[in-house]
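Enquirer: One structure follows; several queries about it will come next.
The values are calculated or read from the model by the stated rules, or taken from the named source; none is laboratory data. Source: prediction; values computed, not measured. We place every Cβ from the backbone using ideal geometry, glycine too, and count neighbours over all the protein chains shown. When the accessible area is computed, the model is the full protein with side chains, heavy atoms only, and any ligands, DNA or RNA have been set aside. Shrake-Rupley method; radii C 1.70, N 1.55, O 1.52, S 1.80 Å.
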Amino acid sequence: MQLLRKIAFPISLLYALAVYLRNFLFDTGILSSVRFDTPTICVGNLSVGGSGKTPMTELLVRMLQPSMKLAVLSRGYRRKTSGFVLADENSTASDIGDEPLQIYRKFQGIHMAVDADRRRGISQLEKLVQPDMIILDDAFQHRRVKPDISILLTPHDLLYTDDWYLPTGDLRDSKAEAKRADVIIVTKCPAGLSIPEQEKIKEKLNPGVQQLLLFSCLEYDTRLRGGDKEIDLEDLKGREIILLTGIAKPEPLVNYRSDTGLDFKHLKFPDHHDFTDKELSRIRDEQLVLTTEKDYTRIGGRIAGMYYIPVRHRFLFGGEERLKEKLLPL
């Protein structure tokens, strides 16, 4: 695969040119960006997958929902519906996508909607819900909407400054577009990230004077959940475990499981993989299957004895309070 990506370098140059021209059209006003009456917060990245957008959206919901009526608007990747859909208690992953369904089920009172056309989605939410604020999930590259605050995520192990354009690299947007971000968050950092390491990253990213640069790490829960059941991580030691993943970059989770001393067999599938009954039949008789919350949401109750591993962002260096100070004036 790496060889094929290198061979595709000329294609990546054409892709980079197309990205540049598109951004040029927005920068010069030939293509328009619209700001809405309802305050909007955009969460996104410059690359494809693996930066922790869903846990960051969930963190924002936990931070903001107690004080306001909140809505989240996503594209609803790989759903089988089209147009605008507002989630309800009967919604499935096929209706709205796995990540939106995960968010909707986790937060009571949240208004979750999906629409590939973000302008139409916001207009519909303003008409049907009248939220105090809308979080735009995975929308940094959707320039037809001009958010009030843009949050750009970049993973510690592959900063956007070290990446290249698709298909040779993982960038889907220009590195120069980072200038549009109000907040840049380096995600998936080591929990013990030192001050000198922090300064090196800051030097690489070179944020503007008005840009807030923050650092976060992933924090896994030691209580694993499966429907109305829970099991403690310590209880799994010495048992045969299947780790099933269908996410972009499962390495942090795999490393975490290894660090805890668990023995497991990893079955790795592509991001947002739609598991078939044939694939699941391979593990249906296993006593214990661990997966991600996103995969658990997509698989539903088709596997008995399956648990998911809750994960959330934890900010370093007092970052959560600094982010809250940035957002609450909205």
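Enquirer: List pairs: first residue in segment 12-36 and under 14 Å from Arg119 (Cβ atoms), second residue in a helix (DSSP H, G or I) and of a type outside the set (D, E, K, R) anywhere in the structure, Cβ distance under 9 angstrom, at least six positions apart or on different chains.
Expert: Sorted first by the residue in segment 12-36, then by its partner, the pairs are Leu31/Leu25; Ser32/Phe26; Ser33/Phe26; Val34/Ile122; Phe36/Ile122; Phe36/Ser123.
Enquirer: Follow-up question, since we're still on this one. Restricting segment 275-295 to residues that are closer than 16 Å to Ser94 by Cα and open to solvent by 50 Å² or more (accessible area, probe 1.4 Å), which is nearest to the chain's Cα centre (by Cα)?
Expert: Thr276
A quick yes/no check of all residues on (1) under 16 Å from Gly83 (Cβ atoms); (2) of a type in the set (S, T, N, Q); (3) open to solvent by less than 50 Å² (accessible area, probe 1.4 Å):
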{"position": "Ala116", "(1), (2), (3)": "yes, no, no"}
{"position": "Arg120", "(1), (2), (3)": "yes, no, no"}
{"position": "Gln124", "(1), (2), (3)": "yes, yes, no"}
{"position": "Ile134", "(1), (2), (3)": "no, no, yes"}
{"position": "Phe140", "(1), (2), (3)": "no, no, yes"}
{"position": "Pro147", "(1), (2), (3)": "no, no, yes"}
{"position": "Leu152", "(1), (2), (3)": "no, no, yes"}
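Enquirer: Hey, another quick one. Name the residue that is surrounded by the fewest Cβ atoms within 10 Å (Cβ to Cβ), counting only residues in segment 260-274 that are within 24 Å of Gly49 (Cα to Cα) and more than 20 Å from the chain's Cα centre (by Cα).
Expert: Selected residue: Lys265.
Enquirer: A follow-up question, please. Pairs, please: C-beta under 7 Å, at least 6 apart or cross-chain, first residue open to solvent by less than 60 Å² (accessible area, probe 1.4 Å) and in segment 214-237, second among the basic types (Lys, Arg)?
Expert: Pairs found: Leu214/Arg322; Ser216/Arg314; Cys217/Lys188; Cys217/Arg314; Leu218/Lys188; Asp232/Arg223.
Enquirer: Does Pro252 qualify as being free of Cβ contacts under 8 Å to residues at least 40 places away in the same chain, in contact with a Leu (Cβ under 7 Å, 6 or more places away or on another chain), within 22 Å of Gly50 (Cβ to Cβ) and of a type outside the set (A, V, I, L, M)?
Expert: Judged against the criteria, Pro252 is not a match.
Enquirer: Could I ask something else about it? Output the number of residues of segment 1-55 satisfying the condition of being within 30 Å of Gln102 (Cβ to Cβ), of a type outside the set (S, T, N, Q), surrounded by fewer than 17 Cβ atoms within 10 Å (Cβ to Cβ) and modelled with pLDDT of 95 or more.
Expert: Summing the residues that are within 30 Å of Gln102 (Cβ to Cβ), of a type outside the set (S, T, N, Q), surrounded by fewer than 17 Cβ atoms within 10 Å (Cβ to Cβ) and modelled with pLDDT of 95 or more in segment 1-55 gives 3.
Enquirer: When Arg180 is evaluated against the numbered criteria (1) without any contact (Cβ under 8 Å) to a residue 60 or more places away in the chain; (2) at positive phi, which criterion, by number, is the only one it fails?
Expert: That leaves (2) as the condition not met.
Enquirer: Quick check on my filter: what residues within segment 25-53 are part of a loop (DSSP other than H, G, I, E, B) and under 30 Å from Leu218 (Cα atoms)?
Expert: Pro39, Leu46, Val48, Gly49, Gly50, Ser51, Gly52, listed by residue number.
Enquirer: Just need a number here: residues in segment 241-291 that are more than 20 Å from Tyr220 (Cα to Cα) and of a type in the set (D, E, K, R).
Expert: Residues meeting the conditions: 8.
Enquirer: Mind checking which strands (runs of 3 or more DSSP E) fall wholly inside segment 81-175 and carry at least 2 residues that are at pLDDT 95 or above and not aliphatic (A, V, I, L, M)?
Expert: Strands (runs of 3 or more DSSP E) meeting the threshold: 149-155.
Enquirer: Within the set of pairs 6 or more residues apart or between chains, which connect a residue that is among the acidic types (Asp, Glu) inside segment 56-75 to a residue that is part of a strand (DSSP E or B) with Cβ atoms less than 7 Å apart?
Expert: Glu58/Arg312
Enquirer: When you scan segment 56-75, how many residues do you find that are open to solvent by less than 20 Å² (accessible area, probe 1.4 Å) and in contact with a Pro (Cβ under 8 Å, 6 or more places away or on another chain)?
Expert: Residues flagged as open to solvent by less than 20 Å² (accessible area, probe 1.4 Å) and in contact with a Pro (Cβ under 8 Å, 6 or more places away or on another chain) within segment 56-75 amount to 4.
Enquirer: Moving to a separate point now. Scan segment 201-257 residue by residue and report those that are on the phi > 0 side of the Ramachandran plot and modelled with pLDDT under 90.
Expert: If the condition is that a residue be on the phi > 0 side of the Ramachandran plot and modelled with pLDDT under 90, then Gly227, Gly238 are the ones that fit.
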